[in-house]
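One structure is given here, and the rest of the page talks about it.
The values are calculated or read from the model by the stated rules, or taken from the named source; none is laboratory data. The structure presented is a predicted model; accordingly, all values stated were derived computationally and were not measured. Virtual Cβ from ideal backbone geometry, glycine too; neighbours counted across all protein chains shown. Heads up: the accessible areas ignore ligands, DNA and RNA and are worked out on the full protein's heavy atoms, side chains in. Shrake-Rupley method; radii C 1.70, N 1.55, O 1.52, S 1.80 Å.
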Amino acid sequence: MALLKLENLTVSYGAIEALKGISIEVEAGEVVTLVGANGAGKSTTLRTITGLLKPKTGKVLYEGKDISGIPTHHTVDLGICMSPEGRGIFANLTVLENLELGAFRQKDKQKIKADLEKVFHFFPRVKERIKQVAGTLSGGEQQMVAMGRALMARPRLLLLDEPSLGLAPLVVKTIFEAIDAINKDGATILLVEQNANAALNHSNRAYVLETGSIVLSGPSKELAQDPRIREAYLGE
Amino acid sequence: MLQTFIQQIINGLALGSIYALIALGYTMVYGVLRLINFAHGDVYMIGAFVGYYAAQKFGIASASGQISFGGALILMMTAMMASASLGVVIERFAYRPVRKYPRLTSLITAIGVSLLLENGGQVLFGADPKFFPILNSAVTYTFGSVTVRLTDIIIVVVSVSLMVLLQTIVLKTKLGKAMRAVSYNLDAAKLMGINTDFIIAFTFALGSALAAAAGILVSLSFPKIDPLIGVLTGLKAFVAAVLGGIGNITGAVLGGFLIGIAETMAAGYLPQSLNSYKDAVAFAILILVLLFKPAGLMGSVAPEKV
């Protein structure tokens, strides 16, 4: 049974249909990426999985159970955590407070401590900045805080929305290495990226989304060789 | 001259702490919902009336309409709890259903709730003024020609204690941290597993309780209450929140004291014939703020990092 299964999901903003019946499967342990242009519906997909948006029709199945439309704080309890588009960090709070908020539903102080150490292990830079107000951090550091904060909730399914957007190439490399390491550590990852090259290199399988529909899917290695992909997303 | 000044500062501190208490409710609700809760001044009025009826019901006031400190404290607790519940009910049934619509809808809803409370109050309590019990140990202290009323001291001490308590909740507790997260970014707060509906309701409860405390404190000092006392006081407190920078808790307190002092200064220094213009001071300040510092004294826009 797939960890996550989207069945014929349609989502609309008023009269505009953002997702036109997409079906996606993510197996436990995988890194799956959704690539596509701006406005293709990538973020909408993630936001629907977390319950921030409600589907019009179709289902979000998590471990076989229909979780479509349940409140976001309950999806967090199920182990679905997201680092949102634009990072969504609390710029007025310190880095530590941001991370503590990530563990909002965690009551066990010992576990919070252990999870903090884990975040520091993935992102040593975050530890250096721990007392700083998050708004004063560089874009790359903020991205690390956003991902670290998602890790604090002990995700089984980690959703990453454009983690490399607007970052310098060197930082992008660090972020993708962290994604590999987080996956090795046990989290299943659904990654949304415009940087199709890096996303395909760091994932097992990929779906290509165009104006709300899946147009291609398959193992990332194969898709990276597909001429249509190379032309449309890899700039060839 | 100096005595007038000191006298008006003292009066202004008392009045200002009332505005500050009410302004906190405006600013906190704005913080979490980006909504100007125009019914907030009326929640202050309801607080005063709950106190009035509680005094009768509990038989706290003496036959001559006087109460003790303990009695006043019981009235305040009762009013705070009742108003907190009212705030939660207003949020749940008036604002939450329209939250997904454009902001103008909520604003008009707020005006509707305000009218409902004012006119409903006139139906329920009657339009005639009622007289709140007065503190039987209400005395004044005189220093030279400066007079300090005990009720003013009580107003300032109780208000400041409540503000410190609020600040502790907001800065030191998990709920407070969740409130700050919600006010900064609602969706991101949801992704942390925060039940944002609960936090928003909690924010209304806190703000409404503070407004009720203000209602009781004012009534102990100026015992004539009617269903429209929340209108002007509420608007002035709203100006205080805007002056301080709406959404900013420290700003609301600062704005409250500044508006209070400005108003008493106007009362003290304007010639007798212009004295009734003291009520216009807050609105003159509002116009100046909107012209020259629209974000308010402590309001700021956080820089967005790319």
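A compact table of results
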{"quantity": "Search result, residues across region A:44-57 that are among the hydroxyl-bearing types (Ser, Thr, Tyr) and either more than 11 Å from chain B (Cβ to nearest Cβ) or without any contact (Cβ under 8 Å) to a residue 40 or more places away in the chain (or both)", "calculated": "A:THR44, A:THR45, A:THR48, A:THR57"}
{"quantity": "When residues of region A:82-98 are limited to those that are open to solvent by less than 10 Å² (accessible area, probe 1.4 Å) and either in a helix (DSSP H, G or I) or touching a His at 6+ places or on another chain (Cβ under 9 Å) (or both), the one farthest from the other protein chains (Cβ to nearest Cβ)", "calculated": "A:VAL95"}
{"quantity": "Residues within region A:209-229 that are acidic (Asp, Glu) and open to solvent by less than 60 Å² (accessible area, probe 1.4 Å), tallied", "calculated": "1"}
{"quantity": "Residue satisfying all of: in region A:99-120; facing another protein chain (nearest Cβ under 9 Å) and in a helix (DSSP H, G or I); surrounded by the fewest Cβ atoms within 10 Å (Cβ to Cβ) among these", "calculated": "A:GLU100"}
{"quantity": "Filtered residues of region A:141-161 (kept if in a loop (DSSP other than H, G, I, E, B) and either open to solvent by less than 10 Å² (accessible area, probe 1.4 Å) or small (Gly, Ala, Ser) (or both))", "calculated": "A:MET152, A:ALA153"}
{"quantity": "Region B:241-283, residues that are open to solvent by 20 Å² or more (accessible area, probe 1.4 Å), of a type in the set (Gly, Ala, Ser) and under 20 Å from the mean Cα position of the chain (by Cα)", "calculated": "B:GLY247, B:ALA262, B:ALA280"}
{"quantity": "Tally of residues being within 10 Å of chain A (Cβ to nearest Cβ) and open to solvent by 20 Å² or more (accessible area, probe 1.4 Å) across region B:162-189", "calculated": "8"}
{"quantity": "Region B:122-136 residues that are touching a residue at least 60 places away in the same chain (Cβ under 8 Å), paired with ones that are in a helix (DSSP H, G or I) and open to solvent by 40 Å² or more (accessible area, probe 1.4 Å) (beta carbon under 8 Å, 6 or more apart)", "calculated": "B:LEU135/B:PHE69"}
{"quantity": "Conditions (1) in contact with a Leu (Cβ under 6 Å, 6 or more places away or on another chain); (2) modelled with pLDDT of 95 or more; number of the one not met by A:ASN197", "calculated": "(2)"}
{"quantity": "Residue among A:ALA206, A:ALA232 that is of a type in the set (A, V, I, L, M), assigned by TED's automatic domain parsing to the domain that holds A:GLU63 and open to solvent by less than 10 Å² (accessible area, probe 1.4 Å)", "calculated": "A:ALA206"}
{"quantity": "Candidates A:ALA37, A:ALA15, filtered to the one that is in contact (Cβ under 8 Å) with a residue 40 or more places away in the chain and over 20 Å from A:ILE182 (Cβ atoms)", "calculated": "A:ALA37"}
{"quantity": "Given (1) modelled with pLDDT of 95 or more; (2) open to solvent by 10 Å² or more (accessible area, probe 1.4 Å); (3) within 17 Å of B:VAL218 (Cβ to Cβ), index of the condition B:ALA20 fails", "calculated": "(2)"}
{"quantity": "Members of region A:121-140 found to be more than 14 Å from chain B (Cβ to nearest Cβ) and not in a helix (DSSP H, G or I), listed by number", "calculated": "A:PHE123, A:ILE130, A:LYS131"}
{"quantity": "Condition check for A:ILE112: closer than 23 Å to A:SER164 by Cα, modelled with pLDDT of 95 or more and of a type in the set (A, V, I, L, M)", "calculated": "no"}
{"quantity": "Flag for A:LEU46 being under 15 Å from the mean Cα position of the chain (by Cα) and within 25 Å of A:ARG105 (Cα to Cα)", "calculated": "yes"}
{"quantity": "Condition met for B:ASP226 (charged (D, E, K, R) and within 14 Å of chain A (Cβ to nearest Cβ))", "calculated": "no"}
{"quantity": "One residue from B:MET45, B:MET81, B:MET77 being open to solvent by 60 Å² or more (accessible area, probe 1.4 Å), in contact with a helix residue (DSSP H, G or I) (Cβ under 8 Å, 6 or more places away or on another chain) and in a helix (DSSP H, G or I)", "calculated": "B:MET81"}
{"quantity": "Within region A:58-81, considering residues that are within 14 Å of chain B (Cβ to nearest Cβ), part of a loop (DSSP other than H, G, I, E, B) and touching a strand residue (DSSP E or B) at 6+ places or on another chain (Cβ under 7 Å), the one least open to solvent (accessible area, probe 1.4 Å)", "calculated": "A:GLY79"}
{"quantity": "Qualifying residue in region B:190-198 (condition: more than 23 Å from the chain's Cα centre (by Cα), more than 13 Å from A:GLY102 (Cβ to Cβ) and either more than 8 Å from chain A (Cβ to nearest Cβ) or modelled with pLDDT of 95 or more (or both))", "calculated": "yes"}
